[in-house]
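See structure below.
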Amino acid sequence: MLRRSPSLRALACVACAIVTLAALPATTAAGAGRVSIATAAPARDVQPDGFSDSTPSGSAHRAPRAGGQSQVTYHGGPVQHSSAVYPVFWVPPGYSLPAGYTDLITTYFADVAEDSWKSSNVYGSIVQYYETNPKRFASYVVANKPAGMDTRPFPQSGCPNYTLGDGTVSKVCLTRGQIQKEIVRIVASHNLPADLGTQIFLFTPQGVASCKTKTSLAKGGCYNPLQFNGYCAFHSRVGSGSDASLFAYMPYNALPGCTSGQSPNGNAADAVLNNVAHEHMETMTDPLGNGWYDASGREIADKCHLKFGRALGSTATGQYNQVINGHRYWLQTVWSNRAKACVQRNTYSYPKVSFTYSPSNPVHGKKVTFKSNVKQAGESKWTYRWSFPDGGTSTAANPTRVFNTFIFSGTVTLVVADSKGNQTRFARSITVK
Ligand SMILES: [Zn+2]
């Protein structure tokens, strides 16, 4: 039934290290003052994100917004150079997630992290998008952080309960503000870094409705695209600028209006993972709402929702179109300006990178010369980012460095980007005596 061997599955579960966040004191909200709820949400987070259908369209089913063939353009803000992901499952007493739901999600993030820098999955195409002053491309570098289980009760409904896509009436309705408050609480009480390289993915179970405001229902802006012109998930932030805490809100998506149409892992979480990929890639290229989107405000995943590309094969429970760290997923495509199309992976050439250093037995206090060796047909304009084990960095092609601190052994890393953003990371150890 599942494509994972039982042993791998068990291993993934042990590794996922679910930490209980239940013991949060009720008074830990933004006390530190480090994080505040943004009063003006960026335009991007009001988009009906992850709006995908696999259900027969009825009269009530809003036609999906056309993806459009226009390019996304840059709006002056930052992109992400790394993404440390904290999955948090907000499941109070009285609510539950299906068996295997959290395991599949934590395995997914581990897989996406493991395949960092690669071109082989849908994340590989985000590297073409960049920020300026100075110009620097986004990177597909994901770190999988321990998952948290938040069992704090939901607040009293801030919006009226309503009928969800599966025909059931919600048990609680959370406003955007209530969701943001929980993010602030999680960040503050666990001292999570509030920066552009960190993102919380907050998952809620079946029966939880959400709306932008308490009066959104009549005009859309609620979870459930089938009847309310709403969303399946969204990404946003609390705080502002480089102190923002990025998050994505991921309701239960295995119901009409939000399913992806395939379930290669035979678990309800397959549905939400499609929208996790959607929100994750949009965050990488538009973390603050002033990065990359088209003239209609569509971010790189919005433009390709409902578009899955070609299946690579099938499991016993459904088709898959992505293989990430050897595991199979069904994820939407993403917009590539370079290809002028929705793409499943990055098919363009990458630089081949290595470097040498001399002397081969470096001594502290004496100069070491590093020489990069980069090859790539048809390309000559590479940029270089060196990281040295003493904390130093360089953007030269062939830097020299004097290690003044005694380092027994460490790693020198070189990331080379070509003129289109494709990046190769090469690392080797160095011992300084
Ligand atoms: Zn979106």
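Which order do the peptides 377-390, 408-421 take when ranked by the mean count of other beta-carbon atoms within 10 Å per residue, highest first? Please report the intermediate quantities before stating the final value.
Working: 377-390: 14.6, 408-421: 17.5.
Order by mean packing, descending: 408-421, 377-390.
Taking the convex hull of the alpha carbon positions in the stretch 221-265 and averaging its projected area over all directions gives 4.4 nm².
Just order 116-125, 140-149 by mean Cβ neighbour count inside 10 Å, highest at the front, would you? Mind dumping the intermediate values first?
Working: 116-125: 21.5, 140-149: 19.8.
The densest-packed peptide leads the list: 116-125, 140-149.
Listing LEU104, LEU192 from the residue with the fewest other Cβ atoms within 10 Å to the one with the most, what is the order?
Numbers: LEU104 23, LEU192 20.
Result, fewest neighbours first: LEU192, LEU104.
Arranged from fewest to most other beta-carbon atoms within 10 Å of their beta carbon, THR356, THR315 become THR356, THR315. The orientation-averaged projected area of the convex hull spanned by the Cα atoms of the stretch 319-433 comes to 9.2 nm².
Highest average first, the peptides 284-292, 211-219 ordered by how many other beta carbon atoms sit within 10 Å of their residues are 284-292, 211-219.
On the principal axes of its alpha carbon atoms, the stretch 120-257 extends 48, 33, 26 Å, with the longest extent given first. Ranking of ARG298, ARG310, ARG428, ARG152 by neighbouring Cβ atoms within 10 Å, starting from the fewest: ARG310, ARG428, ARG152, ARG298.
The Cβ shell under 13 Å around ALA209 holds other residues with a net charge of +3, Lys and Arg each +1, Asp and Glu each -1. Net charge in the neighbourhood of ASN337 (other residues with Cβ under 12 Å of its Cβ; Lys, Arg +1, Asp, Glu -1) is +3.
FYI, it's all coordinate maths here, none of it is from the lab. Note that the structure is predicted; figures quoted are calculated from it, not measured. Backbone-built Cβ (ideal geometry, glycine too); neighbour counts: all protein chains shown.
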